[in-house]
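All remarks here apply to the structure that follows.
Derivation of every value follows stated rules applied to the coordinates shown; laboratory data play no part. Worth saying up front: this structure is predicted, and the values here are computed from it rather than measured. Note that we place each Cβ from the backbone using ideal geometry, even for glycine, and neighbour counts take in every protein chain shown.
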Amino acid sequence: MTGPNDDWTALRQDAERHLEEIWLDEPRDVASVRSGRLPSGAGIYGQYFSVLVMLGGEMRALGVHIFSDLLKFMVDEAFTLPLLRKMIWEMLAIDAGVVGYFGLRDYGALLVRYRDISQAIEDREALRQLTESMFSLTNRYQMWMHHIFPWGLSEGFKKEGECMSNG
């Protein structure tokens with residue numbers, strides 16, 4: 001029988017292993033999104049550009065705000081362990097399901113596990129270590145989403161009335 005300690009340790013190992021796998025190689029779920037293969041049917045009017053926009057924003061928010069803020073809170077004793085667990089649950093309530101639905105199935109599954117397993121962790125340092133691993137993984141995913149975004153489309157949205165020089 002496994003307990004919460006085994007669960008968080010296994011999740012941390014899975015997150016770190018996945019991070020190592022995707023450090024230089026595109027994650028398979030990102031490749032699936034990039035090619036428009038979305039098993040959930042996400043996207044409207046037969047396109048997946050809206051999915052790219054949505055996931056780019058979600059991953060940026062998770063990396064830049066949610067996980068970085070959680071790590072700051074974890075070193076502040078004013079935030080008790082029960083409060084930290086509640087914050088994790090609430091801050092990830094929507095993202096945990098949405099990210100997987102929009103195509104990042106591997107990452108989404110890890111995010112759901114993190115949200116769920118965090119609720120049973122009784123050791124503040126263990127929660128911080130697990131959160132740190134998820135933070136690193138999240139930021140690598142955010143980098144991949146940024147990398148695959150079709151930035152060239154922005155050429156169709158030129159500003160009016162401003163100097164267009166590069167200087």
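For every residue, the table says whether it meets (1) aliphatic (A, V, I, L, M); (2) in contact with a Lys or Arg (Cβ under 9 Å, 6 or more places away or on another chain).
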| residue | (1), (2) |
| --- | --- |
| 78 | yes, no |
| 87 | yes, no |
| 102 | no, no |
| 113 | no, no |
| 121 | yes, yes |
| 134 | yes, yes |
| 145 | yes, yes |
| 155 | no, no |
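Residues of segment 51-99 that are of a type in the set (A, V, I, L, M, F, W, C) and over 17 Å from the mean Cα position of the chain (by Cα): 73, 74, 75, 78, 79, 81, 83, 84.
Checking the stated criteria, residue 40 turns out not to satisfy the condition of being free of Cβ contacts under 8 Å to residues at least 24 places away in the same chain and not hydrophobic (A, V, I, L, M, F, W, C). In segment 33-51, the count of residues that are under 16 Å from residue 144 (Cβ atoms) and loosely packed, with under 13 Cβ neighbours inside 10 Å is one or more.
Given the residues 64, 75, 98, 112, which is the only one that is among the β-branched types (Val, Ile, Thr) and closer than 22 Å to residue 6 by Cβ? Full working, then the answer.
On the way: 64 fails: closer than 22 Å to residue 6 by Cβ; 75 fails: closer than 22 Å to residue 6 by Cβ; 98 fails: closer than 22 Å to residue 6 by Cβ.
Only one candidate passes the filter, namely 112.
Just checking, does segment 80-93 include any residue being closer than 20 Å to residue 121 by Cβ, surrounded by 15 or more Cβ atoms within 10 Å (Cβ to Cβ) and charged (D, E, K, R)? Yes: one or more hits.
Give me the residue from segment 1-50 that is of a type in the set (S, T, N, Q), under 27 Å from residue 152 (Cβ atoms) and not in a helix (DSSP H, G or I) and, out of that set, farthest from the chain's Cα centre (by Cα).
First, pick out the residues of segment 1-50 that are of a type in the set (S, T, N, Q): 2, 5, 9, 13, 32, 35, 40, 47, 50.
Then keep just the ones that are under 27 Å from residue 152 (Cβ atoms); that gives 32, 35, 40, 47, 50.
With the extra rule that they be not in a helix (DSSP H, G or I), the set shrinks to 35, 40, 47.
Values: 35: 19, 40: 18, 47: 22 Å.
My answer is 47.
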